[in-house]
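Right, one structure below, let's go through it.
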Amino acid sequence: MLPEHAPFSPDQRRAIEIALAGLDATQRFWLGGFLSAGSTVAAAPAKAAAPSKLTILYGTESGNSEKLADLSAKEAKKKGFQPAVKNMAEIAPEELAKVENLLVIVSTWGDGEPPETATPFYKQFMGASVPLSKLRYTVCALGDTAYEKFCQTGKDIDAKLEQLGGTRVAPRQDCDVEYEEPYQAWLKSALQAFEPAAGAASIEVVSAPAPAAPAVEYGKKNAFPGELLEKVILNGKGTVKETWHYEISLEGSGLNYEPGDALAVIPVNAPDLVEGILKASRLSGAETVEVKGVGPKILADALREDLDITALSRSVLTKLQALSGSPKLAALLADDAKDQLKDYLWGRWITDAIEDFAPEGLAAAGFATLFRKLPPRLYSIASSPLAHPGEVHLTIASVRYQAHGRTRKGVASTYLADLVKKGDTVPVYTHQNKNFRLPVSGDTPVIMVGPGTGVAPFRSFVEHRGTLGHAGKNWLFFGDQHYTYDFLYQLEWQEHLANGALGKLDVAFSRDQPEKLYVQHRMLAQAKELYAWLQEGAHFYVCGDASRMAHDVHEALLTVVEQQSGQSREAAEAYVDELKKSKRYQRDVY
């Protein structure tokens, strides 16, 4: 609390006390040192011209585009711009007619789809006819080359801006999962292209040096070696599934997370995968290759630690064709063979393509350029930091399947299941997801739909609200194959029901009766009460499979609203759209 004689007005006092209450001891110490050292702002004499306005428009699924939009605004401000950051979810296409300088940063979700929250803007914009002759713009598109429609959303928006009369001042940048370097290069060229008004007022900030940073700072560029404290199989005997519960230590990492966030796991490739690709390429693994961002390295080590040696895509096949000179592969990559290419890519790995199109093997020189960097895997966090301080929990199904006569497996899920033992360390960092958050008020009801491993963040939600003693009602819809084998965290849910942290639990086990029963069927059976919760202001969350489950749950939600409100389908769609806009309907699907 501030002393009575502090030179602040009552409103200032309240604002400062609220801000300080949210800081931990380390943050207060840093802030105290910074303020006591003094910070002065010296403004150069302002000229007549005002700083150039720059609108930064982003569309995000997991938060990366939003993060880059904020970074872009900071850099633009340093260059003399007056930046304004806008979310596609909160803007109409017509508003772009008032914009002169525009940076667009947008991700592509799945195979060519716009981010969930940006979908309404995207659909309206692609059908818009608003003239943008005064607009100067450039686009940074985020995506994943593992998908055929790589960066499609960014490509579509870039082309539409040009079609509407906008002037592209810098080429579009298409970024793969490792987006930092190409983004930085794009931003530098973009800000140079916009050139803020000559003579704009410039501001120079002069401050005391910041306190020394911690000896080691952990994050995406420097993963923390978290000790695996526990690993437990969650399925019972007789199941066809393999779902693991992992507990990883974050002690000493400085990493923090909130319910709804994800943990990035940096895996290595399994020995049999490395052996298989070396055999197909007719290489020993002892060769030295150049790895981008790493330098020279023994090939076998690079294949194990640095390179994505499984995910097959058009990009990989194009590089393979250049290395192999295969006319057969060239024909498959032709524009009139898109359907054949799609069929070929399904279920195959890079090893298959090397065997098919380079049967005599490949030379070590340039071999490493065939692969992209091995990407981290993001998993929804299944624990509350309040219930499990210093730890993070994950719920992961090991991916194993048969395709084209071979056994396949997920790189990261089987890395944890097969290669990491209790007591070993796992390279990890936390990933913020602002689009999947609990309500601000602890009194707000919450409805959660999470079949299978989609239940992970809801374990975090219920633990967190229970630990805080929030009065808001919590309702979980969970589903899997068999009650006896696949009821993940069954005892925990029963305890939460007993102590009141969980108010309602509806389950659907699809294989326990002749007809398939899924979570969306349970929703429809509980339509009256579900709609009543929504009318009370409940937030609705979905986590899990995007290909079918999320769509079926969405359709069930529309049906519930339509039937219970007694209104038209169009009115129900408008109701659900409003839930999305107000962040009362949030999805974490994959």
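What the table shows:
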| item | result |
| --- | --- |
| Of residues in the range 538-590 being without any contact (Cβ under 8 Å) to a residue 24 or more places away in the chain and of a type in the set (D, E), the one nearest to V462 (Cα to Cα) | E578 |
| Of all residues in the range 361-382 being more than 18 Å from the chain's Cα centre (by Cα) and of a type outside the set (A, V, I, L, M, F, W, C), the one that is surrounded by the fewest Cβ atoms within 10 Å (Cβ to Cβ) | G366 |
| Tally, over the range 428-471, of residues that are among the charged types (D, E, K, R) and either touching a helix residue (DSSP H, G or I) at 6+ places or on another chain (Cβ under 6 Å) or modelled with pLDDT under 95 (or both) | 1 |
| Checking L558 against (1) within 27 Å of G442 (Cβ to Cβ); (2) touching a Lys or Arg at 6+ places or on another chain (Cβ under 9 Å), the condition it does not meet | (1) |
| Residues satisfying the stated conditions in the range 238-282, i.e. surrounded by fewer than 20 Cβ atoms within 10 Å (Cβ to Cβ), closer than 22 Å to D306 by Cα and touching a helix residue (DSSP H, G or I) at 6+ places or on another chain (Cβ under 6 Å) | V268 |
| Selection status of D512, closer than 27 Å to E242 by Cβ, crowded, with 19+ Cβ neighbours inside 10 Å and not aliphatic (A, V, I, L, M) | no |
| Sole residue being small (G, A, S), part of a loop (DSSP other than H, G, I, E, B) and farther than 30 Å from Q564 by Cβ, chosen from G423, G472, G442 | G423 |
| Test result for P114, buried (at least 16 other Cβ atoms within 10 Å of the Cβ) and within 15 Å of the chain's Cα centre (by Cα) | yes |
| Within the range 508-532, tally of residues that are outside any helix (DSSP H, G or I) and under 21 Å from G472 (Cα atoms) | 1 |
| Count - residues of the range 579-590 that are surrounded by fewer than 20 Cβ atoms within 10 Å (Cβ to Cβ) and modelled with pLDDT of 95 or more | 2 |
| Members of the range 95-130 that are part of a loop (DSSP other than H, G, I, E, B) and small (G, A, S) | G110, G112, G127, A128, S129 |
| Selected residue (criterion: modelled with the lowest pLDDT) from residues of the range 537-569 that are in a loop (DSSP other than H, G, I, E, B) and either within 27 Å of the chain's Cα centre (by Cα) or surrounded by 16 or more Cβ atoms within 10 Å (Cβ to Cβ) (or both) | S547 |
| All positions within the range 294-335 that are surrounded by fewer than 16 Cβ atoms within 10 Å (Cβ to Cβ), part of a helix (DSSP H, G or I) and among the hydrophobic types (A, V, I, L, M, F, W, C) | A322, A331 |
| Breaking point among (1) over 30 Å from G442 (Cα atoms); (2) in contact with a strand residue (DSSP E or B) (Cβ under 7 Å, 6 or more places away or on another chain), for A270 | (2) |
| Selected residue (criterion: nearest to S253 (Cα to Cα)) from residues of the range 385-420 that are part of a loop (DSSP other than H, G, I, E, B) and among the aliphatic types (A, V, I, L, M) | L386 |
| Every pair of residues 6+ apart whose Cβ atoms lie under 8 Å, when the first sits in the range 500-520 and is touching a residue at least 24 places away in the same chain (Cβ under 8 Å) and in the same structural domain as G466 (by TED's automatic domain parsing) while the second is in a loop (DSSP other than H, G, I, E, B) and of a type in the set (K, R) | G503/K473; K504/K473; S510/K516 |
| Filter result for G423 (out of contact with any Leu (no Cβ under 6 Å at 6 or more places or on another chain), surrounded by fewer than 24 Cβ atoms within 10 Å (Cβ to Cβ) and either assigned by TED's automatic domain parsing to the domain that holds L517 or in contact (Cβ under 8 Å) with a residue 40 or more places away in the chain (or both)) | yes |
| Among residues of the range 285-336, those that are touching a Phe, Trp or Tyr at 6+ places or on another chain (Cβ under 8 Å), of a type in the set (G, A, S) and over 12 Å from F357 (Cα atoms), counted | 3 |
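The values are calculated or read from the model by the stated rules, or taken from the named source; none is laboratory data. Everything quoted here is computed from the prediction, not taken from an experiment. Reconstructed Cβ throughout: ideal geometry from the backbone, glycine too, with neighbour counts over all protein chains shown.
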